[in-house]
Amino acid sequence: MPIFETIGLAPNFVDYEAAWQTQREVHAAVAAGQKPETVLLLEHSSVFTAGKRTEDYEKPTDGTPVINVDRGGKITWHGPGQLVGYPIMRLPEPIDVVGYVRWLEQVLIDTIAEFGVIGQRVGGRSGVWVDVNGEFEKVAAIGIRVAEKTTMHGFALNCDNSLQPYDTIVACGISDARTTTLEILTGKKITPAMAAEVVKKHLGQIGTAR
């Protein structure tokens, strides 16, 4: 089971670039066998980050700055009310990146089930989705990087965050689907801190399935 480092939940939001530097340091130590597998759990200050496949037209239309990062995927938003998790883990050989993404999706599907939300996968699209009146809405995004057989970056689970920032971008390069939150789906206040405790349990339960 990995160790968990909660480096910032409300009201101690974490600057994205500071967290990215922490990721790099932990990643180097885990890859070298100097530190156990580690999951960083946090909330970021509001920020847009763009993966390597992001197109210019998908970026904010109002000129808001964007941080270009080395993960897969496209542009997304991070901010208060959203639980962000960075699992830094060594993958078994042969390396199966798709299998790792499916594993992360299952962790999140099992997590939101405990709040009464039925999550599922959508063919051709990563992350976790919810069927709302016959249309799929995204509740969790995934974007990862694997270097030296070790993962970094990870997932973002929308808990009780605002959806307004998504109005200015083409989130994850998907223009034909909405984004939602656990609070909207359940009608109850579900904070990142609450979700983090459930994520920890499920990461431990199926960690050996990687």
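Within region 23-85, which strands (runs of 3 or more DSSP E) (wholly inside it) include 2 or more residues that are hydrophobic (A, V, I, L, M, F, W, C) and farther than 21 Å from ALA195 by Cβ? Result: 47-50.
Checking ARG53, ARG71 one by one, the residue that is of a type outside the set (Asp, Glu) and crowded, with 17+ Cβ neighbours inside 10 Å is ARG71 and no other.
Assessment of region 97-107 against the conditions (of a type in the set (Asp, Glu), closer than 27 Å to GLN205 by Cα and not in a helix (DSSP H, G or I)) yields no matching residue. Filtered by the rule that a residue be modelled with pLDDT under 95 and either surrounded by 17 or more Cβ atoms within 10 Å (Cβ to Cβ) or more than 16 Å from the chain's Cα centre (by Cα) (or both), region 115-130 gives VAL122, GLY123, GLY124, SER126, GLY127. Would you be able to say whether some residue in region 85-94 is among the hydroxyl-bearing types (Ser, Thr, Tyr) and modelled with pLDDT under 95? The answer is no, given that none of the residues of region 85-94 is among the hydroxyl-bearing types (Ser, Thr, Tyr) and modelled with pLDDT under 95. Residue count for region 137-163 satisfying the condition of being closer than 20 Å to THR54 by Cβ and either in a helix (DSSP H, G or I) or aliphatic (A, V, I, L, M) (or both): 9. The residue pairs whose first member lies in region 39-66 and is closer than 29 Å to VAL107 by Cα, whose second member is in a loop (DSSP other than H, G, I, E, B) and of a type in the set (Phe, Trp, Tyr), and whose beta carbons are closer than 9 Å, counting only pairs six or more residues apart or on different chains, are LEU42/PHE13; GLU43/PHE13; HIS44/PHE13; SER45/PHE13; SER46/PHE13. With respect to THR151, is the statement that it is surrounded by 15 or more Cβ atoms within 10 Å (Cβ to Cβ), at pLDDT 95 or above, out of contact with any Gly (no Cβ under 7 Å at 6 or more places or on another chain) and over 30 Å from ALA28 (Cα atoms) true? Against the criterion (surrounded by 15 or more Cβ atoms within 10 Å (Cβ to Cβ), at pLDDT 95 or above, out of contact with any Gly (no Cβ under 7 Å at 6 or more places or on another chain) and over 30 Å from ALA28 (Cα atoms)), THR151 does not qualify. Scanning region 1-29 for residues that are polar (S, T, N, Q), modelled with pLDDT under 95 and over 16 Å from the mean Cα position of the chain (by Cα) returns a single hit, ASN12. Among the criteria (1) modelled with pLDDT under 90; (2) touching a Pro at 6+ places or on another chain (Cβ under 9 Å); (3) surrounded by 15 or more Cβ atoms within 10 Å (Cβ to Cβ), the one SER46 does not fulfil is (1). Looking at the structure I just gave you, is VAL26 more than 16 Å from MET152 (Cβ to Cβ) and either out of contact with any helix residue (DSSP H, G or I) (no Cβ under 8 Å at 6 or more places or on another chain) or acidic (Asp, Glu) (or both)? Considered against the rule, which asks whether it is more than 16 Å from MET152 (Cβ to Cβ) and either out of contact with any helix residue (DSSP H, G or I) (no Cβ under 8 Å at 6 or more places or on another chain) or acidic (Asp, Glu) (or both), VAL26 comes out as no.
The values are calculated or read from the model by the stated rules, or taken from the named source; none is laboratory data. Remember, it's a predicted structure, so these values are computed and weren't measured experimentally. Positions of Cβ are backbone-derived with ideal geometry, glycine not excepted, and every protein chain shown enters the neighbour counts.
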